[in-house]
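Undergrad: Dropping the structure in here first, questions after.
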Amino acid sequence: MTYKIIIGRNQSDRELFGEKGTVYLGKLYVKMGQYTSLSNPVYMDVARTHVILVCGKRGSGKSYSLSVIAEEISRLPPEVKNKMTVLFFDTMGIFWTMKYPNTRQEDLLHQWELEPEGLDINIFTPKGFYEEYKQKGIPTDYRFALKTGELNAADWCSVFEIKLTDSVGILIERIITQLKEEKSDYSIQDILARIRLDVKAEKNTRDATENRFIAADGWGLFDTD
């Protein structure tokens, strides 16, 4: 007889909620000699707040584990899942596949008494790549951008991983301060134009600063609006 293990739920909550508000993670397995068998199902509590660390070496299943949690949350009853949101910052472009059922591993899913299932997720793509993704057939629902004028000099230095006291940081602070005094809406092209006009910084500093903003412009992430 198997016992359902619920991670993160104490006995009092188990008596209060039962198994409601839990997500299915998988099963423990027991190895006896040459034989390995699946045993207790493992669930995780999502009715309470928790801090969770998912760690492991590359390829060990960290992203897979996170997607399992997200998928299971999306499969909860409406009265539970409508009170929470899963948000992925997907810099590797791997979680959009959750839109499609996993028919490639259909036989394996059946062994776990699961069915391939596509999920109703919303995919936001940087504005600069939205149309390109559409043309390539990569599913995306909404475009998004960060307003260039909302970033201050310290923000840009953080983006570029430099110090405000570096020569490039000093030039960035001077340029951004000038632009903010003149207008609230400006683009990276406006920043680049102002860098090229600067006469206080040395040429190598201007070049280094310009190169960073050219790279940032190529990310398709920043926009005047």
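Taken together, the values in this text are just the output of simple stated rules run on the coordinates, not laboratory data. Quick caveat, the model's predicted, so the values are computed rather than measured. Don't worry about glycine lacking a Cβ; one is built from the backbone with ideal geometry, like all the others, and counts go over all protein chains shown.
Undergrad: Could you work out the relative contact order of the chain, using alpha carbon pairs under 8 angstrom and six or more residues apart, expressed as a whole percent?
TA: Numbers: 248 pairs, mean separation 30.1, N = 225.
After rounding, I find 13 percent.
Undergrad: Among 194-202, 54-62, how do they line up from the highest to the lowest mean number of other beta-carbon atoms within 10 Å? Intermediate values should be presented prior to the final figure.
TA: Details: 194-202: 13.2, 54-62: 9.2.
Going from most to least packed, we get 194-202, 54-62.
Undergrad: Next question. For Val68 and Arg196, what is the calculated FRET efficiency with R₀ set at 45 Å and r taken between the beta-carbons, to the nearest 0.05? Please report the intermediate quantities before stating the final value.
TA: Working: r = 50 Å, r/R0 = 1.11.
Once rounded, the FRET efficiency stands at 0.35.
Undergrad: Calculate, for Arg75 and Lys134, the FRET efficiency according to 1/(1 + (r/R0)^6) with r their C-beta to C-beta distance and R0 22 Å; round to the nearest 0.05. Can you show the working numbers first?
TA: Numbers: r = 28 Å, r/R0 = 1.27.
Efficiency for this residue pair is about 0.20.
Undergrad: Are there trypsin sites (Lys or Arg not before Pro) in segment 99-138 that DSSP puts in a loop and that have at most 10 other Cβ atoms within 10 Å, and which ones?
TA: Working: sites: Lys99, Arg104, Lys127, Lys134, Lys136; in loops: Lys136.
Qualifying residues, ordered by number: Lys136.
Undergrad: If you take Cα extents along the principal axes in Å from the coordinates, which of [x] 62, 39, 32; [y] 66, 43, 33; [z] 78, 42, 41 do you get?
TA: Correct label, based on the coordinates given: [z].
Undergrad: Which cross-chain or sequence-distant (5 or more) residues have an amide H under 5 Å from the amide H of Ile6, H modelled 1.01 Å from N in plane?
TA: HN-HN under 5 Å from Ile6: Tyr43.
Undergrad: Next question, about the same structure. Give me a comma-separated list of calculated 3J(HN,Hα) values for segment 120-136, in order, Karplus coefficients 6.51, -1.76, 1.60 applied at θ = phi - 60°, integers in Hz, x for any Gly or Pro.
TA: 7, 10, 9, 10, 9, 10, x, 3, x, 10, 4, 5, 4, 5, 4, 5, 7
Undergrad: Nearest-5 percent of antiparallel DSSP beta bridges in segment 1-151?
TA: Working: 9 of 15 bridges.
So the antiparallel bridges amount to about 60 percent of the total.
Undergrad: Please give the contour-minus-distance gain from Val30 to Ile214: 0.36 nm per residue of separation, less the Cα-Cα distance, rounded to one decimal in nm.
TA: On the way: separation 184, 0.36 × 184 = 66.24 nm, distance 5.50 nm.
The span from Val30 to Ile214 would gain 60.7 nm if fully extended.
Undergrad: Determine the distance separating the Cα centre of segment 5-37 from the Cα centre of segment 52-81; give it in Å without decimals.
TA: Distance between centres, Cα-based: 15 Å.
Undergrad: For a 22 Å ceiling on Cα separation, which of these pairs sit above it: Lys62/Lys136; Lys183/Lys203; Lys27/Lys62; Lys83/Lys134; Lys147/Lys180? Could the numbers behind the result be given before it?
TA: Numbers: Lys62/Lys136 27 Å; Lys183/Lys203 26 Å; Lys27/Lys62 17 Å; Lys83/Lys134 31 Å; Lys147/Lys180 13 Å.
Check vs 22 Å cut-off fails for Lys62/Lys136; Lys183/Lys203; Lys83/Lys134.
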